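S.K.: The structure that follows is given in the form of structure tokens.
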Amino acid sequence: MTNEQTLILIKPDALIKSLIGNILTELSEMDVDIVGAKIVKVSKELAEDHYRNLKEKDFFDELIKYIMGHYHTKRVLALVYEGEDAINKMRKIVGSTHPEEAHPTTIRGKYGRITSKGIFENAIHASESKKEAEREIKLWFDPDELTNTIYPAKKVEVKKQELVWS
Ligand code: GDP
Ligand code: MG
């Protein structure tokens, strides 16, 4: 088993239900370390890139609205965890995609639901594989937003406008 990093998103349905504390407690029992965390207002571009593998699905448009927070609150908590076998450990505690099929002791089993419109409100995202974890972490975080990164990074000169306090 190897040291891995994985992307976790606490989704807008979990945020509006004030479940952050409960979910972080469950994740903290998995013997992995937080190396990055931020609240994100998800843009359409980020949502579509994150879920680009599901573009052909009939639920794609609803999924994009859901992760952008159109049904709940326009925020997600994005986290990167690092540790031995982190990807599988997190997928296990997160539970099955369909909230009704998720085991009752998992996060989705406890806090997920399916709406009468058929939208999966499953509270949390966890990367599926090493390849996906790397792609997702690089999509959501810059290298200097992580206290530790297992992926190579380089310094480049960037000229850009930045928002500062006035
Ligand atoms: P995950 O890796 O367990 O999150 O599952 P997938 O990668 O297959 O799907 C990504 C997300 O799309 C899920 O977490 C759900 O939010 C949503 N999703 C997946 N399948 C369905 C579906 O059949 N219907 C709806 N409405 N949403 C779905
Ligand atoms: Mg997935």
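S.K.: Does any residue of the range 78-97 turn out to be charged (D, E, K, R) and more than 23 Å from Asn3 (Cα to Cα)?
M.R.: No, the range 78-97 has no match at all.
S.K.: Something else: Output the residues belonging to the range 78-110 that are more than 9 Å from ligand 1 (Cβ to nearest atom), of a type outside the set (A, V, I, L, M, F, W, C) and outside any loop (DSSP other than H, G, I, E, B).
M.R.: Once the filter is applied, which keeps residues that are more than 9 Å from ligand 1 (Cβ to nearest atom), of a type outside the set (A, V, I, L, M, F, W, C) and outside any loop (DSSP other than H, G, I, E, B), the range 78-110 yields Tyr81, Glu82, Gly83, Glu84, Asn88, Lys89, Lys92, Gly109, Lys110.
S.K.: If I ask for residues that are under 24 Å from Lys117 (Cα atoms), touching a Phe, Trp or Tyr at 6+ places or on another chain (Cβ under 8 Å) and surrounded by fewer than 18 Cβ atoms within 10 Å (Cβ to Cβ), which ones from the range 24-58 would you list?
M.R.: Answer for the range 24-58, where residues must be under 24 Å from Lys117 (Cα atoms), touching a Phe, Trp or Tyr at 6+ places or on another chain (Cβ under 8 Å) and surrounded by fewer than 18 Cβ atoms within 10 Å (Cβ to Cβ): Tyr51, Leu54.
S.K.: To continue, here is another question. Enumerate the pairs (first residue in the range 105-126 and over 8 Å from Val94 (Cα atoms); second residue anywhere and among the aromatic types (Phe, Trp, Tyr) and surrounded by fewer than 24 Cβ atoms within 10 Å (Cβ to Cβ)) with beta-carbon separation below 7 Å, excluding pairs fewer than 6 apart on the same chain, so at least 6 apart or on different chains.
M.R.: Ile114/Phe120; Ile119/Tyr66; Ala123/Tyr111
S.K.: Do we have any residue at all in the range 121-137 that's touching a helix residue (DSSP H, G or I) at 6+ places or on another chain (Cβ under 8 Å) and away from ligand 2 (no atom under 16 Å from the Cβ)?
M.R.: Checked the range 121-137: no residue is touching a helix residue (DSSP H, G or I) at 6+ places or on another chain (Cβ under 8 Å) and away from ligand 2 (no atom under 16 Å from the Cβ).
S.K.: Here is a further query. Would you call Glu62 within 16 Å of ligand 2 (Cβ to nearest atom), of a type outside the set (A, V, I, L, M, F, W, C) and surrounded by 16 or more Cβ atoms within 10 Å (Cβ to Cβ)?
M.R.: In short, yes.
S.K.: Given the conditions (1) touching a Ser or Thr at 6+ places or on another chain (Cβ under 7 Å); (2) surrounded by fewer than 10 Cβ atoms within 10 Å (Cβ to Cβ), which single one is not true for Ala133?
M.R.: (2)
S.K.: Does the range 136-150 hold any residues that are crowded, with 17+ Cβ neighbours inside 10 Å and part of a helix (DSSP H, G or I), and which are they? Write out each step before concluding.
M.R.: As a first pass, look at the range 136-150 and keep what is crowded, with 17+ Cβ neighbours inside 10 Å: 136-137, 140-141, 146, 149.
Listed by number, the residues that qualify are Glu136, Ile137, Trp140.
S.K.: Let me ask you something else. Of the residues Arg113, Arg75, which single one is among the basic types (Lys, Arg), surrounded by 13 or more Cβ atoms within 10 Å (Cβ to Cβ), more than 11 Å from ligand 1 (Cβ to nearest atom) and under 12 Å from the mean Cα position of the chain (by Cα)?
M.R.: Checking each option against the conditions leaves just Arg75.
S.K.: Also: Which one of these is over 23 Å from Thr149 (Cα atoms), of a type in the set (D, E, K, R) and assigned to a helix (DSSP H, G or I): Asp13, Asp49?
M.R.: Values: Asp49 fails: over 23 Å from Thr149 (Cα atoms).
Going through Asp13, Asp49 in turn, just one is over 23 Å from Thr149 (Cα atoms), of a type in the set (D, E, K, R) and assigned to a helix (DSSP H, G or I): Asp13.
We did not get these values from a lab; they are worked out from the coordinates using the rules stated. Remember, predicted model here, so these are calculated numbers, not experimental data. Note: ideal-geometry Cβ built from the backbone for every residue, glycine included; neighbour counts use all protein chains shown.
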